[in-house]
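K.L.:
Mind having a look at this structure? Questions to follow.
The values are calculated or read from the model by the stated rules, or taken from the named source; none is laboratory data. In this text the structure is predicted, and so the values were computed from the model without any measurement. Here the Cβ is made from the backbone with ideal geometry for all residues, glycine too, and neighbour counts use every protein chain on show.
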Amino acid sequence: MKKIQAIIVLLLTATAVFPQVTLPDSTLKRLKLDSAVQIVKQHKGDTTEINTLIWLAFATEGNNTKQSIQYLNDALQLSFKLESNKSIVKVYNEIGTLYHDRGQYDSSIYYYHKALRLCNNNAGQCSEAYQGLAVNLLWLTQHDSAKYYLSLAEVISKTSKNFEDLAGIYNSQGNIFLQEGNYEQALNCYILSAKIQDSLLHDPVAQSRALANIGNVQYLIGDYGKALTYAKEAQSISQKHNLQKNLAYISQLIGRIYRKQKMLDEALLEYKKALDSYLKLGYVRETSETYSNIGNIYFDRGDYEMAQSQYAKAIGISKKSSNDQLLGRVYTAMGYTFLQLKRYQVAIAYMDSAQVIAKKINDPYTILDSYEVLSDIYVGQKKFEEALQYYEYFTQLKDSLNEASNVSEIQELELKYQNEKKVAEIELLKSNQRVQDLTLSRQRLLISAIVILLIASLFIGFLLVNRYRVTSRTKRLLEIEKVRNNLARDLHDDIGSTLSSINILSQVALNEKNGNVQNYLQRIGDQSARIMEDIGDMVWSVNPHNDSIREVVSHMREFASEILESKNITYHFTEQISQGVKLTPEQRKNLFLVFKETINNAAKYSEASRVDIKLLQAEQNLIMRITDNGKGFDTKHVKSGNGLRNQRERANEVKGEFSVKSIAGEGTIAELHLPIA
């Protein structure tokens, strides 16, 4: 019997591929169900009958659960009759598997523990029971216990060099990390599993699982193109081998991807295919999650009545299967649906239920969603103080989670895996070539050596050229991705939060009864002006026409003139820079923002009558020096505020240095050194 292996992870959940029985007689695999029944009716009373009963149990699992359990009970009774401890443990493990598939996790854990008490020195059966316990505990969100049992199974697998089990264990560990939201560690485990499959096992079935797992992580970090590529490849392998459970999961994953890509009809079709398979297989937990996903599609379409119907089915099944994690998410979805229907009290009730469950299982993401929805509900009820309070809860929790910090490291791991895989394929080709060379006759040895040397030289030359092209393209793509990420961060963190504040301030102003409306309008005006200025700076920094130093200097002159002249401050701007100097978008952005902050500080606080601005080029450095004749300050007694700290951080982002020198009564000198080569 193959050992229990973890299969593929649904969004922030996990599932497992459970055993198929390796029958002692190879011809038995080709027998139809009625032929297997006939073998059992012969009552030979041996291990062949036990294995046939186990085979029948899983062959009938989707259609007749009671009959499946009866087959396993018959196998257990026969094992006791034969006094075969090995067979008894084997059947206990199989019963544990069957109960897991039915979503009866407590019963499954009970039988795996019974298997452990009897497995004695049979390392393989003990490892199987440990893995079964781990997967059940994972469903029950008992992650520490699941990790413990997997560590025991890992020791056994490494000691016995059972690489098939080891690949499954790494896969299960990845499932745990994925459910915890640790995408980097999850991908690391999946890659370890895939490496074993690639280099040692060459099992296309397990490879399809690894591909789907990696695709799922890519989906979770938002790279839908890569996610779909991996999913389609896994789907092709699963279709070839008729792996119905794999295909159902992959349909779920593809449905999620299509939903993110706004292809709702295609997503609904994939979800319905998955639902049909799970209902036939009798998988309770997966069925409830699929109903929830179908409800999401109807919600996106605006058909809230149909969405409620699907969510209600998911809630009913989740309660029966103790699936608290999904239950909390579906409660949130149901509450958001009632919000759209303006049934606010019902929506609040569902949000409260979602929070109770989320706190019970320590699920911060469901709590985060509930805060956001509750804020929207109270806005709909015109209870703006409560809305603002929950919005503050939402932003505080969101900042603490900071989910996006691991994305770049995850992508690096995935690229490393792909590169190592390519290197292994090249080494395999070279090895085959060497074997072929050794079989050549002595008379052709010299000629063959010359030909091989020439081919190797051309091949290495091609690889070097190709590597250079790939490296250059990759660097450019990484620069573009970095700019996009920074822009997205600025839009979300600065402008998004400011717009939210304006929205809430406007609502409060509309309901203000104490005559403070002018104050709120002034705050709205100030924040609107800041948004306009920030957007202008963002657009300028990413515009490729502004790459030259001439455009940068022009923009700086314009800003200095606008700020300083309005304050009646005389300024002198000099530059000694080669016109061929070009700055990256990030250098350009941070140079201007440091300049902007310094000029603003001089205008607001220095009480200066003159400001001197110099841009110099010294070898491979660009130097910006801004001097004012203002009142200055004692740097030893003035704490560094957000402005100075931000200027230093922006300089550090482009590997530069920012310093401020000032003496009370003698003015201030701010200087930025920026490497440009």
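K.L.:
So, restricting to strands (runs of 3 or more DSSP E) that lie completely within segment 559-677, which ones have at least 3 residues that are among the β-branched types (Val, Ile, Thr)?
P.N.:
Qualifying strands (runs of 3 or more DSSP E): 621-628.
Yes/no per residue for (1) surrounded by fewer than 21 Cβ atoms within 10 Å (Cβ to Cβ); (2) in contact with a strand residue (DSSP E or B) (Cβ under 9 Å, 6 or more places away or on another chain); (3) at pLDDT below 85:
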{"residue": "THR65", "(1), (2), (3)": "yes, no, yes"}
{"residue": "ALA75", "(1), (2), (3)": "no, no, yes"}
{"residue": "GLN131", "(1), (2), (3)": "no, yes, no"}
{"residue": "ALA134", "(1), (2), (3)": "no, yes, no"}
{"residue": "GLU164", "(1), (2), (3)": "yes, yes, yes"}
{"residue": "GLN173", "(1), (2), (3)": "no, yes, no"}
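K.L.:
Can you tell me which residue is farthest from ALA333 (Cα to Cα) among those in segment 354-369 that are part of a helix (DSSP H, G or I) and under 21 Å from the mean Cα position of the chain (by Cα)?
P.N.:
Top of the filtered list is ILE361.
K.L.:
Here is a follow-up. Kindly establish whether GLY643 is in contact with a helix residue (DSSP H, G or I) (Cβ under 7 Å, 6 or more places away or on another chain) and over 17 Å from MET556 (Cβ atoms). Give the derivation first.
P.N.:
Details: in contact with a helix residue (DSSP H, G or I) (Cβ under 7 Å, 6 or more places away or on another chain): yes; over 17 Å from MET556 (Cβ atoms): yes.
Here the answer is yes, as GLY643 does meet what is asked.
K.L.:
Contact list please: Cβ distance under 8 Å, first residue in segment 119-130 and outside any helix (DSSP H, G or I), second residue aliphatic (A, V, I, L, M), pairs at least six apart or on different chains.
P.N.:
ASN122/VAL89
K.L.:
Within segment 596-607, track down each residue that is among the hydrophobic types (A, V, I, L, M, F, W, C) and in contact (Cβ under 8 Å) with a residue 60 or more places away in the chain.
P.N.:
First, pick out the residues of segment 596-607 that are among the hydrophobic types (A, V, I, L, M, F, W, C): 599, 602-603.
Across segment 596-607, the qualifying residue is only ALA602.
K.L.:
Among the residues that make up segment 148-156, is at least one of them part of a helix (DSSP H, G or I) and within 24 Å of TYR365 (Cβ to Cβ)? Break it down into steps so the answer makes sense when it comes.
P.N.:
We begin by selecting, within segment 148-156, every residue part of a helix (DSSP H, G or I); these are 148-156.
If we keep only those that are within 24 Å of TYR365 (Cβ to Cβ) too, we end up with 150.
The answer is yes, given that some residue of segment 148-156 is part of a helix (DSSP H, G or I) and within 24 Å of TYR365 (Cβ to Cβ).
K.L.:
Sticking with this structure for a sec: Within the group GLU597, GLU653, GLU619, GLU657, which residue is surrounded by fewer than 20 Cβ atoms within 10 Å (Cβ to Cβ), of a type in the set (Asp, Glu) and either in contact with a Lys or Arg (Cβ under 8 Å, 6 or more places away or on another chain) or closer than 24 Å to LEU564 by Cβ (or both)?
P.N.:
GLU597
K.L.:
Going through segment 175-193 one residue at a time, which ones are more than 18 Å from PRO364 (Cβ to Cβ) and either at pLDDT below 80 or of a type in the set (Ser, Thr, Tyr) (or both)?
P.N.:
TYR190, SER193 - these are the residues of segment 175-193 that are more than 18 Å from PRO364 (Cβ to Cβ) and either at pLDDT below 80 or of a type in the set (Ser, Thr, Tyr) (or both).
K.L.:
Sticking with this one: Check segment 28-39 and report whether any residue there is modelled with pLDDT under 80 and either under 23 Å from ALA134 (Cβ atoms) or among the β-branched types (Val, Ile, Thr) (or both).
P.N.:
Taking every residue of segment 28-39 in turn, at least one turns out to be modelled with pLDDT under 80 and either under 23 Å from ALA134 (Cβ atoms) or among the β-branched types (Val, Ile, Thr) (or both).
K.L.:
Please find, within segment 256-285, the residue that is farthest from the chain's Cα centre (by Cα) out of those that are touching a residue at least 40 places away in the same chain (Cβ under 8 Å) and assigned to a helix (DSSP H, G or I).
P.N.:
Among them, the one singled out is LYS280.
Let's see how each residue does on (1) hydrophobic (A, V, I, L, M, F, W, C); (2) at pLDDT below 65; (3) over 29 Å from the mean Cα position of the chain (by Cα); (4) outside any helix (DSSP H, G or I):
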position: PHE459; (1), (2), (3), (4): yes, no, yes, no
position: LEU464; (1), (2), (3), (4): yes, no, yes, no
position: SER472; (1), (2), (3), (4): no, no, no, no
position: LYS475; (1), (2), (3), (4): no, no, no, no
position: ASN486; (1), (2), (3), (4): no, no, no, no
position: ASP490; (1), (2), (3), (4): no, yes, no, no
position: GLY496; (1), (2), (3), (4): no, yes, no, no
position: ILE502; (1), (2), (3), (4): yes, no, yes, no
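K.L.:
Is it true that some residue in segment 174-183 is touching a Gly at 6+ places or on another chain (Cβ under 9 Å) and not β-branched (Val, Ile, Thr)? Give the derivation first.
P.N.:
So in segment 174-183, the residues touching a Gly at 6+ places or on another chain (Cβ under 9 Å) come out as none.
No, that holds for no residue.
K.L.:
Going by the structure shown, is THR584 surrounded by fewer than 17 Cβ atoms within 10 Å (Cβ to Cβ), under 25 Å from VAL654 (Cβ atoms) and touching a helix residue (DSSP H, G or I) at 6+ places or on another chain (Cβ under 8 Å)?
P.N.:
yes
K.L.:
Against the condition of a type outside the set (Phe, Trp, Tyr), at pLDDT 90 or above and either out of contact with any Lys or Arg (no Cβ under 6 Å at 6 or more places or on another chain) or not assigned by TED's automatic domain parsing to the domain that holds GLU671 (or both), how does VAL581 come out, does it pass? Spell out the reasoning first.
P.N.:
Details: of a type outside the set (Phe, Trp, Tyr): yes; at pLDDT 90 or above: no; either out of contact with any Lys or Arg (no Cβ under 6 Å at 6 or more places or on another chain) or not assigned by TED's automatic domain parsing to the domain that holds GLU671 (or both): yes.
Against the criterion (of a type outside the set (Phe, Trp, Tyr), at pLDDT 90 or above and either out of contact with any Lys or Arg (no Cβ under 6 Å at 6 or more places or on another chain) or not assigned by TED's automatic domain parsing to the domain that holds GLU671 (or both)), VAL581 does not qualify.
K.L.:
Let me ask something else. Can you tell me which residue is nearest to ASP144 (Cα to Cα) among those in segment 319-376 that are surrounded by fewer than 20 Cβ atoms within 10 Å (Cβ to Cβ) and of a type in the set (Phe, Trp, Tyr)?
P.N.:
For segment 319-376, the residue satisfying everything is TYR365.
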